[in-house]
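Heads up, the thing below is written out as structure tokens.
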Amino acid sequence: MSGETEALRRLIEEWAAANQRVRRVRIPEDVAQIAVAPCPVPDSEETLPVWIAHCEVWRREFAASIGRPVRLDWLGPDRC
């Protein structure tokens, strides 16, 4: 894994750790597509509403922080 890829992975992991609405992220080797598992809404295990409400903002945050477009995918409970 290149130094640039490793730096990108660290940025993504730090972002996820700092974001209280994110349960976890799955990062492939090429870092071009990131799967995000949101935390569920209160009193439920539903994560899709959180994803719908925040996915576009998260995508823009990633693109701004790493300096290139990124594809985000919803990592629902049955896909973790």
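The values are calculated or read from the model by the stated rules, or taken from the named source; none is laboratory data. Remember, predicted model here, so these are calculated numbers, not experimental data. Note that we place each Cβ from the backbone using ideal geometry, even for glycine, and neighbour counts take in every protein chain shown. With ligands, DNA and RNA removed, areas are computed over all heavy atoms of the protein, side chains included. Shrake-Rupley method; radii C 1.70, N 1.55, O 1.52, S 1.80 Å.
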task: Output the residues belonging to segment 63-80 that are surrounded by 15 or more Cβ atoms within 10 Å (Cβ to Cβ) and part of a helix (DSSP H, G or I).
output: Ile66
Complete set of residues in segment 12-38 that are modelled with pLDDT of 90 or more and over 23 Å from Ile52 (Cβ atoms): Glu13, Glu14
- prompt: (1) outside any loop (DSSP other than H, G, I, E, B); (2) under 15 Å from Ile12 (Cβ atoms): which one isn't true of Ala53, the others all being true?
  reply: (2)
message: Going by what's in this entry, would Pro49 be described as under 14 Å from Trp74 (Cα atoms) and open to solvent by less than 30 Å² (accessible area, probe 1.4 Å)?
response: no
Single residue of Arg23, Arg60 found to be among the charged types (D, E, K, R), touching a Ser or Thr at 6+ places or on another chain (Cβ under 9 Å) and open to solvent by 40 Å² or more (accessible area, probe 1.4 Å): Arg23
Pairs, first over 13 Å from Asn19 (Cβ atoms) in segment 55-80, second of a type in the set (A, V, I, L, M, F, W, C) and open to solvent by 70 Å² or more (accessible area, probe 1.4 Å), C-beta under 9 Å, six or more apart: Ile66/Leu11; Trp74/Ile52
- line: Here the qualifying pairs (Cβ atoms under 9 Å; residues six or more apart or on different chains; first in segment 1-23 and closer than 18 Å to Asp73 by Cα and touching a residue at least 40 places away in the same chain (Cβ under 8 Å); second open to solvent by 60 Å² or more (accessible area, probe 1.4 Å) and in a helix (DSSP H, G or I)) come out as Leu11/Ser65; Ile12/Ser65; Trp15/Glu61; Trp15/Ser65
